[in-house]
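Enquirer: Pasting a structure here, questions to come.
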């Protein structure tokens, strides 16, 4: 579904660009006797070609279609008798929530640029048992881009690869998780330069983030008899561990300005 949405948006983006190109003579005409700003730069027929190098900044907004596979394990110990039982399972969370990012980068050439991105994902979630919670993902990422300029146009498809340090948090009634881990991104997109400074952007990225195992519950309380296994009613000590792995498809649109 998310892949189909991305290609539909990209197609609309492309059609709009071609329509703009068809009416270019009405919207933009280069000055007579103008020379290229730099050797090897082609005269674009519509729009503008982004500056070949420099510092840039921008913003991206969109949706994250994510899945969290949380490994749960622990022990339940009957305090009076010392009898105990262990448990383990995988809990799955799926949903589509808000994502956004602020970015600063440097363009070395028409073909290569690097970027530092502060990424934010947040929204309400629901687990397999229909319990309600809140998820927050904040990451600082280092991204590398390979731009593929299309000659004599302002359209630049690109590929992107990156790695980041992430803080991940889940809040549920009775417990929460707050851990730090590593994220990896890979994706593709397309930029259209409106002027030499401003570029519009649409992208689709796949993200994988691995978080460490963490003790989320360590408490004592009274429970009725539990079967199976057969454990009598009484006071119990519960230890609950959680280890989440997050995968997400990020569809985002945005703009950047090169200085």
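The values are calculated or read from the model by the stated rules, or taken from the named source; none is laboratory data. Keep in mind that what you see is a predicted model, and the values were worked out from it rather than measured. When we count neighbours, we look across all protein chains shown, and the Cβ atoms used for this are built from the backbone with ideal geometry, even at glycine.
Enquirer: Only one residue in 127, 131 is out of contact with any helix residue (DSSP H, G or I) (no Cβ under 8 Å at 6 or more places or on another chain), within 30 Å of residue 220 (Cα to Cα) and surrounded by 15 or more Cβ atoms within 10 Å (Cβ to Cβ), so which one is that?
Expert: Numbers: 131 fails: surrounded by 15 or more Cβ atoms within 10 Å (Cβ to Cβ).
Residue meeting the stated conditions: 127.
Enquirer: Of 105, 95, which residue is surrounded by 16 or more Cβ atoms within 10 Å (Cβ to Cβ) and within 23 Å of residue 187 (Cα to Cα)? Full working, then the answer.
Expert: Values: 95 fails: surrounded by 16 or more Cβ atoms within 10 Å (Cβ to Cβ).
Sole residue among the options that is surrounded by 16 or more Cβ atoms within 10 Å (Cβ to Cβ) and within 23 Å of residue 187 (Cα to Cα): 105.
Enquirer: Moving on. Return the only residue of 228, 212 being in a loop (DSSP other than H, G, I, E, B), modelled with pLDDT under 95, out of contact with any helix residue (DSSP H, G or I) (no Cβ under 8 Å at 6 or more places or on another chain) and loosely packed, with under 14 Cβ neighbours inside 10 Å.
Expert: On the way: 212 fails: modelled with pLDDT under 95.
Matching residue, one of 228, 212: 228.
Enquirer: Which residues, taken from segment 215-225, are exposed (fewer than 13 other Cβ atoms within 10 Å of the Cβ) and part of a strand (DSSP E or B)?
Expert: Of segment 215-225, the ones exposed (fewer than 13 other Cβ atoms within 10 Å of the Cβ) are 215, 218-222, 224-225.
Matches in segment 215-225: 215, 218, 219, 220, 221, 222.
Enquirer: Also, quick follow-up: Only one of 239, 253, 249 is assigned to a strand (DSSP E or B), more than 28 Å from residue 62 (Cβ to Cβ) and touching a strand residue (DSSP E or B) at 6+ places or on another chain (Cβ under 7 Å); which?
Expert: Numbers: 253 fails: more than 28 Å from residue 62 (Cβ to Cβ); 249 fails: more than 28 Å from residue 62 (Cβ to Cβ).
239 is the lone residue from the list that is assigned to a strand (DSSP E or B), more than 28 Å from residue 62 (Cβ to Cβ) and touching a strand residue (DSSP E or B) at 6+ places or on another chain (Cβ under 7 Å).
Enquirer: Of 188, 202, which residue is touching a helix residue (DSSP H, G or I) at 6+ places or on another chain (Cβ under 7 Å), in a strand (DSSP E or B) and at pLDDT 95 or above?
Expert: Values: 188 fails: touching a helix residue (DSSP H, G or I) at 6+ places or on another chain (Cβ under 7 Å).
So the residue among 188, 202 that is touching a helix residue (DSSP H, G or I) at 6+ places or on another chain (Cβ under 7 Å), in a strand (DSSP E or B) and at pLDDT 95 or above is 202.
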